[in-house]
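A short reminder: the numbers here are calculations on the coordinates, not readings from a lab. Computed from a predicted structure; not experimentally measured. No Cβ is skipped: glycine too gets one built from the backbone with ideal geometry, and neighbour counts run over all protein chains shown.
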Amino acid sequence: MRPVRLDIDGFASFREPATVNFNDVDYFALVGPTGAGKSTIVDAITFALYGTAHRWDRANSIAYALAPTTNRCTVSLIFDVSGQRYQVAREVRRVGQQIQQKAARLERFLDPTACPAPGDDPVETEVLVSEVRDLTPAMCDLLGLEFDDFCQCVVLPQGEFARFLKATPRERQTILLKLLGSSHYEQIGKVAGARAKEAEKEVEMYADQLRGLAEATPEALQAATDRRDVLAEVNEQISDLVAPVLTARTAEATHAKAAAEANAAVAALRKVKAPDGLVERHAHLTSAKSSHSDAAGKAAEAAAAFTAATKAAEAGPQKVVLDAAEALYAEADQVRSSLEKATRAAEETSAAATRAAEASDVAQQVLRDARTADQQARADHETAAATMKALTDQVQRLSTITAPTDLDDLAAGARDTAEELAAADTALADARDAAAKTVAACQGLPDQRTFQALDSDRTALAASVAGWDEDAAKGAELTAAAEDAGARLAEASTQLDAAWAALEDARTRDAAAALRPSLQVGHECPVCTQTVTTLPEVATDGPTVETVTAAWRSAQAAQQQAEEQHRAAVRAAETFTVQREAKAREIRSAADRLTAAVSSLAADTGLEEVTAPIGEDVTGSAVEALADAVASTLTAAEARCREAFVSRDEAAAALTAAEKQVAEARAAAENAQRQIDGHRAALVRAHTGVESDGAPAVDTSTLEGTVAGWASLTAWAAGTAEQIQTEQLPAATTVADQAQARAQEADEKLSGAETAATEAATAASQAAAAAAGAAATLEQLTSRDTELTARLASVPGRADLPALLAEAEELSRARADAATAAEQAQQVAKIAEEALQAAQAAVTADRDALGAIRDTVAVWSPPTFNATRMGEDLAGCFDELVTWAETRATEQEATAAEAAESQAQAAADVAKRVNALTEQLIEHDLPVAGVQEDPRTAELLVAVAHSQAAAAAERLTEALARKDEVLSKSEEARERAIVVGELRTLLRSDKFQQWLATAALDTLVAGASTSLFELSDGQFTLTHEKGEFFVIDHFDADSLRSVRTLSGGETFQASLALALALSEQLASLAVGGNARLDSIFLDEGFGTLDPDALETVAATLENLAQGERMVGVVTHVAALAERTPVRFLVSHDNRTSRVEREAG
């Protein structure tokens, strides 16, 4: 991951928009004062990627992202990963009392060079994530690092720089496995396991398939082929056997059909017979026709008599009309009697209503006059009461105006407190000047912790030279021992050289003795090719080669032992010298730092500087002298500082007392002023309340005006109130009492008038209602009388009604008797008709039976009968048909006997031929089911068997090929299952992960050790055992030390070396580039380095930035910041942090 552009707005201390453009930046520094917001930029990067920052402690503490007094913050980071450019953005909002992450987005730019700023035209992207909950997991997958791993390997925040260095072996292994992408191996193991299961399933599947193909053998194929060929021949011959069988069976069927037809004819002809009771049914029909005719005539006569009676009744008087007329006469009598009474009542109620209306009008006029008088009396009373109330209220207001009793005392007290406050302000100014002087005198003086730290450094410096002078003798001893070992080595080397010379001489003698026999004077030597002039003499009294070789080896061992002893002695002397020189440098450096610090302190406190130089040759006495001088200076400086601090504290106490006195005086003055202001406001309110009553004007702008105003206002109020009470109020009371009496009298008159008017109005209303009711009744009776008179004019006279009613009743009885007779005659006619219909139906059924019987034998041409004959002589028709049927049945019986004999002969021929056919099928193991019923089945059976045999042969051919294929695939699957199963087993083992982590750790430690050796000026190299980190201290006889024993500066060096190694080598170690550390950010520790180490660190970071990685540092060390090619200056005012880019 390599940042390209960071945009933040409202994030932490950056309340306003800010941009950090990392484009074309490889090595930069974030610089600025403490608290400016340098680490906040690193926090913004981690927040954009993971939604949190390391300094927030908890992963969900997004509240820290939102700047105080802002309601929204946004963070956007454009970055590159593996050649692709991405943009991740997050938005945080304040919703009520809660702070929530409202939006998150991850996009990939289709143009890998795009770098849009906020507000630029949008570029084409692919949205990868658009939900808050999905963003962080997606970033972990994209970067290959969890948040904690990112903070240990990429962003090294404050307080966590040494976390990877001092992590437990298990934690470190977990981190390395994540960085190395061991999940790829886990995934490979899972895939291998899945493929192993798949391969095992394939093997089992192929085994099942082979079990299903077990019958597919070459022998089975040969047998199937032979049967196919045999059945092919039978299939060609079977038709010749089936055809005769079919011909014989056809002849048999023809004869059987003829016999069946003849027998059916005999059966049908024997069934032809006349129905029983035929003659009796015909005679009954004749009798029924005669009875029906007589009944019909009588019914017609009765119907004619009923019609005549009906017409006579309808032509005579009607009883209903006569009854209605009699009712009308009775109603008319009643209406005329009521009409006379209604006329008298209407006249009487009308006169009463007129009188009541006149009385009501008089009462209403009286009521109107009483109301007018009552309203006037009420108005007079209200006016008088209002006047009296206004005077009473005015007296009440005036009586409340009383001057404050403490006003004079307050005025005097205000003048006194003003003088006291002025004096206290003067004293406070003097105290402030004195306190400022003592504070200025203490400015820059060291505090107690500084003295304690310097005294601790002094004690440590004195302790560092304990036994220093005595150790000088040890150095001399080691040097002498090295010289002695050198002498012994020289002597052993001389002895070894002598032994070697003796060995060479012995070997030369042996070679000469061996070569002597082959040498001849005047011939070439076979070794040196020179001409032999003189034969050499061979010595025989020297030591043997074996003896001399043993002596040489003994000398060689002695020389090696002496060399090792000399090397050890020299190493011991050199190590002691190096360590003593290193310790001397440390003592000198500590002494210089202590001297500079104490001299600076002495200058601040007005003392002389410490002058006790140690010199190049460190001696215990010189250091002790310096320690004594420092102790003396510290004691004197501490005393002076204590005096200055005491003076400062005393001045501060005096200032506090003066401030308290001023505060008390000011509080008293303010209290007096508040009381005076209260009295002034009360005067204004009192004057405002009575200003409309003519109160005199008052002046409240001054204390004196307020006192005078209260005096004039209270005097005026008292005089005015007395004048109202003695003069105006009594007269107003008399007027009000008189008006009240008149109002009561008018009210009583009004009440009486209202009662009288109400009673008169009620009486008038009742009288009018009674008159209206009487008039309505009279009108209804008159209308009904007129209507009845008109209707009675059209009815018979009242005297004729009894005779007409008797005639109407006689005609009605005659009509009823005729109706009864007609109904009885009609019933008799209906019964006769039903008997006739039944007789006719029986005869019709016999006629239909004749037709039906004839139809059953129509095929043999029976005699025919017309309708007339059947109607007149149905029995004769039946007799003729029966005689004909008996004759034809005899003829058909003879035909049936001849056909049965022919059928038997044909059946025997069929049986013979079918037996021959079935024997042929059985001979070839073919089924014979159905051949007896249909010989053509044999052809189908043979064809099917031949087809099946051919198909079986073809299936066996394919099965054999499939069997070979399955065997091959089964073997492949078995081998694959073995391979992936073994891979699964290996990758599932924890030892693989341990080996992977250990191998990676070896590589990292090797790289880190080289950097640490340079950073520590050759003192330390890094190693590890059982997952724990150790350093080899080359200044302490290569002793092995745990990294947990390192000092702060040494820990920083080791941590930096390890971080650089991680950044340098992880890309080559990770699987498929799982986690590429294309950038590294360092946020602490450079202040602990001495100038030489800082120079080494700076050079190392510069070299690291020369590659493909971005290196960023957060530092206060000016020397390091000045060496970076790009610096981002972070500043902060009273509102927001800002960042600006500076060129190096």
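Below is a table of values for the structure above.
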quantity	calculated
Listed residues Phe47, His381, Ala760: farthest to the positive end of the dipole of the chain (Cβ charges)	Ala760
FRET efficiency estimate (nearest 0.05) - Cβ-Cβ, Asp925 to Ala897, R0 60 angstrom	0.85
Dipole of the chain, positive direction: furthest Cα of Gln740, Cys641, Val942, with charges on the beta-carbon	Val942
Principal axis dimensions, largest first and in whole angstrom, of region 604-664 by Cα	68, 14, 12
Label-reachable residues, region 814-858, where backbone N falls under 16 Å from a point 7 Å from Ala296's Cα toward its Cβ	826-841
Relative contact order (percent, whole number), region 694-765, Cα cutoff 8 Å, 6+ residue spacing	17 percent
Dipole-positive endmost among Ala875, Ile922, Gln840 within the chain (Cβ charges, Cα centre)	Ala875
Anisotropy class of region 243-314 from Cα gyration tensor, a/c 1.5 cut	oblate
Sequence-distant lysines (8 or more away, or on other chains) whose Cα lies within less than 22 Å of Lys583	Lys474
Net dipole in debye of region 800-929 [+1 Lys, Arg Cβ; -1 Asp, Glu Cβ; about Cα centre; nearest 20]	220 debye
Net length gained if the chain between Val191 and Arg642 were fully extended (0.36 nm per residue, minus Cα distance)	154.7 nm
Residues Ser794 and Glu347, FRET efficiency given R0 of 41 Å [Cβ-Cβ distance, rounded to 0.05]	0.75
Mean Cβ count within 10 Å, highest first, over the residues of peptides 449-460, 761-772	761-772, 449-460
Three-way shape label, the chain, alpha-carbon gyration tensor, a/c 1.5	oblate
Two-decimal log10 I(q)/I(0) for region 231-379, as the Debye equation yields it once each C-alpha is a single scatterer, q = 0.15, 0.21 Å⁻¹	-1.08, -1.27
25 Å tail of the calculated P(r), region 359-488, as % of Cα pairs	78 percent
Rounded to the nearest 20 debye, dipole of the chain from Cβ charges on Lys, Arg, Asp, Glu	1480 debye
Principal semi-axes in Å for region 694-766 [√(5λ), Cα gyration tensor, largest first]	58, 16, 5
Residue exposure sequence - Tyr206, Tyr329, Tyr50 - by fewest surrounding Cβ within 10 Å	Tyr329, Tyr206, Tyr50
Peptide ranges 2-15, 404-417 listed from the most packed, as the mean C-beta count within 10 angstrom indicates	2-15, 404-417
Value of [θ]222 nm, deg cm²/dmol, for the chain, DSSP H segments ≥ 4, -39500 (n - 2.57) each, nearest 500	-25500 deg cm²/dmol
From the C-alpha gyration tensor of region 35-149, square roots of 5λ in Å	24, 17, 14
Whichever lysines have a C-alpha closer than 25 Å to that of Lys298, once near sequence neighbours (fewer than 8 apart) are set aside	Lys289, Lys311, Lys830
Relative contact order (%) - criterion: Cα under 8 Å, at least six apart; region: the chain	29 percent
Region 1-45: relative contact order in percent, alpha carbon pairs under 8 Å with at least 6 residues between	34 percent
Cross-link reach list, aspartates and glutamates versus Lys1026, counting only Cα pairs under 17 Å and skipping chain neighbours closer than eight places	Glu171, Asp990, Asp1002
FRET efficiency for Glu1014 and Asp484, using Cβ-Cβ distance with R0 set to 41 Å, rounded to 0.05	0.70
Full-extension gain in nm, Glu420 to Glu340, via 0.36 nm per residue minus C-alpha separation	16.7 nm
Convex hull volume per residue in cubic angstrom - Cα atoms of region 743-818	145 Å³
